[in-house]
Amino acid sequence: KVRKDITTGCTVRMELAQKNMEKGKDGLFKRLGGEEGISHFMERFFDIVVVDNRIRGFFQGKDIKAIREGARVYFTEALGGPKIYKGRDLAEIHKAQGVTDYDFDCFLAGMEKALSGLGVEDETIDEVIVTMEPVRPALLGRARGLAAHAKMKDGQTVLERIGGDMNVEAIVDTMFVGLLSDARVRFFFEQSREKIDIMKRSFAALAVGGFGGPVTVDDRKVRKVHYTLNVTDYHFDVMLDLFAKALTELGVHPDAIKDIAACTGKIRKDITTGCTVRMELAKKNMEKGKDGLFKRLGGQEGIVVFIDRLYDLIAVDNRLKSKFAGKDIKKMK
C-alpha cells in the first residue's frame, strides 16, 4: 500500500527526464559541456568507483586509464555526442563480470555523485540516468521486455501451464465480463463492440508474451496508449483481482495464478505512470495555492461557464442522465 508513496518521486523525475529525452539528446550533450564535459565527468566518475568498496573489485588489476578512455568514447556517443564508439558490444564486455542489479545501481549512484560534484543540475542528471537504465539488461546478461518475467516451473512457462494461447483467450473473455460489470473500472472498458474486441485481442497478445510465448506487443506502446488515461493503482489492482477471479473460475492452479500475478504486475508502471505523473505535478502546483488555478479557469465567470458546460454534457450522457431526471438542474448548478 505504501508503494506509491515510496516510488512516486523517482517515477515523476524519470518520466519528465524521459519526455525531455524524446526531443533528442543534443540538448543533454550540450548541458553536460560537450566532449570536454564528458571527459571531466568520466575522470570524476572513475575517481569515485575505484574507491567504492561495493564495486571497486571490478577494477582491481585492470588498466584504469584504458577503461576510462573507452568509457569516455562510449558515453560521448550515448549522451548525444558524435558517433565515435567502435568498441565491443556491452553484453560481450561484461559477460563474465557477474554484474548484478546491486552493482549496476552502485554505478548509477557513482554517476549521480560525479555529476552533482561537477555542478550539473538535477534535471540533467535524471536524463543521464534515464539514458543508462536501458543498458542494464545488456550488462546483466538478461532478456528485455515482458517475456523476461515469465516464470518457469518443471520446465514449463506460465503460458504452457495454463494451456496455451487458446486458454488465454478464454481467460480474457471471462475477465472482460467482470470488467464490463464492475463499477470501479467499467468506465475504461464501456466501448463499442468493435473496440472491446480490439482491447481483448491486445490484452491477450500482451498476456501471451508476458507468460512466456511470442512477444508481439512492445511494452513501450503499452505505456503510450495508457499515458493520458486516469488509470490509478487502485484501478490496476481491481483489474488484477478480476483477472485472478477469471483464472480461478477456469480452474487454473493457484501456483500458476500466483506467478501470473507477478508477471502482470510488471506492467503496472507502464499503465499507471501517465496518471501518476500528471496528478503529482498538479499537486505540486496546488501546493502554491489555489489562487492561480482560479485565475486560469477564468475566475467566477469561468466557473459559471464550466458548470454550464458540465451539465450540458451530463444531460446527453446515457450513463448519467437518469440520475438527474426530474431534478431542479438550475438549482443544482
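The values are calculated or read from the model by the stated rules, or taken from the named source; none is laboratory data. Given the structure is predicted, the values throughout are model-derived calculations rather than measurements. All Cβ positions, glycine included, derive from the backbone under ideal geometry; neighbour counts span all protein chains shown. Just so you know, the surface numbers come from the protein's heavy atoms only, side chains and all, with ligands and any DNA or RNA stripped out. Shrake-Rupley method; radii C 1.70, N 1.55, O 1.52, S 1.80 Å.
Across region 215-222, computed HN-Hα scalar couplings (Karplus, 6.51 cos²θ - 1.76 cosθ + 1.60, θ = phi - 60°) run 8, 10, 10, 6, 4, 5, 5, 4 Hz from first to last residue, x flagging Gly and Pro.
Working from label points 7 Å from Cα in the Cα-to-Cβ sense, the CYS10 to HIS253 distance is 3.3 nm. The helix-only estimate of mean residue ellipticity at 222 nm for the chain, built from DSSP H runs of length n ≥ 4 each weighted as -39500 (n - 2.57), is -20000 deg cm²/dmol after division by the residue total.
Which whole-number percentage describes the relative contact order of the chain, with Cα contacts under 8 Å and a sequence gap of 6 or more? Working shown, then result.
Numbers: 283 pairs, mean separation 54.9, N = 333.
Relative contact order here is 16 percent.
Accessible surface of the chain, 1.4 Å probe: 54 percent of it comes from carbon and sulfur atoms. In a fully extended conformation the segment linking VAL177 and ASP308 would gain 43.6 nm over its present Cα-Cα distance, using 0.36 nm per residue. Taking Cβ atoms as reference points and 14 Å as the exclusive limit, the residues near LEU313 contribute a net charge of +2, counting Lys and Arg as +1 and Asp and Glu as -1. In units of the rule-of-thumb radius 2.2 N^0.38 Å, region 76-217 shows an alpha carbon radius of gyration of 1.48.
Over region 1-132, the alpha carbon radius of gyration divided by the compact-protein estimate 2.2 N^0.38 Å works out to 1.09.
Exceedance of the 31 Å cut-off in Cα-Cα distance is limited, within the set LYS95/LYS269; LYS153/LYS200; LYS113/LYS283; LYS4/LYS333; LYS224/LYS283; LYS290/LYS333, to LYS4/LYS333. Of the residues THR157, ALA138, GLY24, the one whose Cα sits farthest toward the positive end of the charge dipole of the chain, with +1 on the Cβ of Lys and Arg and -1 on the Cβ of Asp and Glu, is GLY24. Rounded to the nearest 20, the size of the Cβ-charge dipole of region 39-81 about its Cα centre is 120 debye, with Lys and Arg at +1 and Asp and Glu at -1.
Model label sites at ASN53 and LEU240, defined 7 Å from Cα along the beta-carbon direction, differ in position by 3.6 nm.
For LYS25, a cut-off of 18 angstrom between C-alpha atoms picks up these lysines, skipping any fewer than 8 places away in its own chain: LYS83. With bins 10 Å wide starting at 0, give me the P(r) of the chain over every alpha carbon pair, in whole percents. With a bin width of 10 Å, the distribution comes to 5, 18, 24, 22, 17, 10, 3, 1, 0.
Of the peptides 283-290, 41-48, how do they stack up when ordered by the mean number of other Cβ atoms within 10 Å, highest first? Walk me through the numbers before you get to the answer.
Working: 283-290: 9.9, 41-48: 18.9.
Packing proxy ranking, top to bottom: 41-48, 283-290.
Overall, region 154-204 carries a charge dipole of about 260 debye about its Cα centre when +1 sits on the Cβ of Lys and Arg and -1 on the Cβ of Asp and Glu, all other atoms neutral.
Distance distribution P(r), region 234-273, all Cα-Cα pairs, bin width 5 angstrom from 0: 6, 24, 32, 22, 11, 5, 1 percent. Relative to its residue count, region 210-333 spans a Cα convex hull of 178 Å³ per residue.
Averaged over its residues, the chain has an accessible area of 61 Å² per residue, based on protein heavy atoms and a 1.4 Å probe.
Seen from a random direction on average, the alpha-carbon convex hull of region 162-210 projects onto 3.5 square nanometres. Taking label points 7 Å from Cα along the Cα-to-Cβ direction, VAL316 and ARG88 give a separation of 6.6 nm.
Largest GNM mean-square fluctuation among ARG68, ARG136, ARG88, using the chain with Cα springs under 10 Å: ARG88.
What does a probe at LEU140 reach in region 54-73, counting residues whose amide N is under 11 Å from the point 7 Å along Cα→Cβ? So the set is empty, nothing qualifies. Computed from the Cβ-Cβ distance with R0 of 45 Å, the FRET efficiency linking ALA282 to TYR102 stands at 0.80.
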